[in-house]
1. Would you confirm, using the coordinates I've provided, whether residue 36 is part of a helix (DSSP H, G or I), small (Gly, Ala, Ser), surrounded by 12 or more Cβ atoms within 10 Å (Cβ to Cβ) and modelled with pLDDT of 95 or more?
2. What number of residues in the range 178-204 are in contact with a strand residue (DSSP E or B) (Cβ under 7 Å, 6 or more places away or on another chain), assigned to a helix (DSSP H, G or I) and open to solvent by 70 Å² or more (accessible area, probe 1.4 Å)?
3. Take the range 120-179 and flag every residue that is over 17 Å from residue 49 (Cα atoms) and of a type in the set (A, V, I, L, M, F, W, C).
4. Kindly list, by first and then second residue, each pair from a residue in the range 192-204 that is closer than 21 Å to residue 30 by Cβ to a residue that is open to solvent by 60 Å² or more (accessible area, probe 1.4 Å), limited to pairs with Cβ atoms under 8 Å and residues at least 6 apart or on different chains.
5. Residue 208 - would you say it is acidic (Asp, Glu), surrounded by 15 or more Cβ atoms within 10 Å (Cβ to Cβ) and under 21 Å from residue 44 (Cβ atoms)?
Amino acid sequence: MDVASNAVFWQEKWERGETGFHEAGGNPLLTRHIAALDLSAGARIFVPLCGMSQDMVWLAGQGYRVIGCELSDIAVRRFFDDLGVTPDVVQAGLLRCFSAGAISVFAGNIFDLTPEVLGPVEAIYDRAALIALPEDLRRAYVAGLLALTGPVPELLVTLAYDQSRLKGPPFSVDEGFVREVYGEAYEIRRLESREVPGGLKGRCPATENVWKFSPLPARS
């Protein structure tokens, strides 16, 4: 699947209201492990492919500034509507930026976001981006993310399951893939691994893993 086809796929899901992948509350893996990144108060945290994630609300409540990026304009508007706030909206390169309080969300394709538009970030929290993409786009996404932010501390949440038993998304991403695509830029440590209660979509046993990425020293 190419970038354009993937964008159409997700836009249509939001238009049809097929958002069962969206969690209504914050993710306990985030609340348990955000301290591992050792961030300063007010740090800017980037949340790629954020949807309407309440994790952004939780992070803002902890004193961080949150920068999301979401393909669907529908999702971004609903996110702020649910908060009961009217965001400021400005054009930001090829995307639009919706901002209210400590949360800003770029609406548009993450592959169109540039470092100049995003600005510097101190960390990344990826719960639903990497696992939302088929393998060829996962590789392009990782390369693009590193170009976008540089190596900064990151929490990554992945799922591992028998892909032959269930068609993604979310897709299965194993440890080998994580280390292959991130290993040159980061020291990688698994912080937690847990079984998904009832299996993925109630149909397939799955393991949820949370990883901490620590940037490696720059090579001379």
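1. Values: part of a helix (DSSP H, G or I): yes; small (Gly, Ala, Ser): yes; surrounded by 12 or more Cβ atoms within 10 Å (Cβ to Cβ): yes; modelled with pLDDT of 95 or more: yes.
So residue 36 fits the description; yes.
2. We begin by selecting, within the range 178-204, every residue in contact with a strand residue (DSSP E or B) (Cβ under 7 Å, 6 or more places away or on another chain); these are 178-179, 182, 185-196, 199-200, 204.
Adding the requirement that they be assigned to a helix (DSSP H, G or I) leaves 178-179, 182.
Keeping just the survivors that are open to solvent by 70 Å² or more (accessible area, probe 1.4 Å) gives 179.
Here the count works out to 1.
3. 152, 160, 166, 177, 178
4. Correct list of pairs: 192/32; 195/205; 196/205.
5. Values: acidic (Asp, Glu): yes; surrounded by 15 or more Cβ atoms within 10 Å (Cβ to Cβ): yes; under 21 Å from residue 44 (Cβ atoms): no.
In short, no.
The values are calculated or read from the model by the stated rules, or taken from the named source; none is laboratory data. Here the structure is a predicted model, which is why all the values come from computation and not from measurement. Glycine also receives a Cβ, built like all others from the backbone with ideal geometry; neighbour counts cover every protein chain displayed. When the accessible area is computed, the model is the full protein with side chains, heavy atoms only, and any ligands, DNA or RNA have been set aside. Shrake-Rupley method; radii C 1.70, N 1.55, O 1.52, S 1.80 Å.
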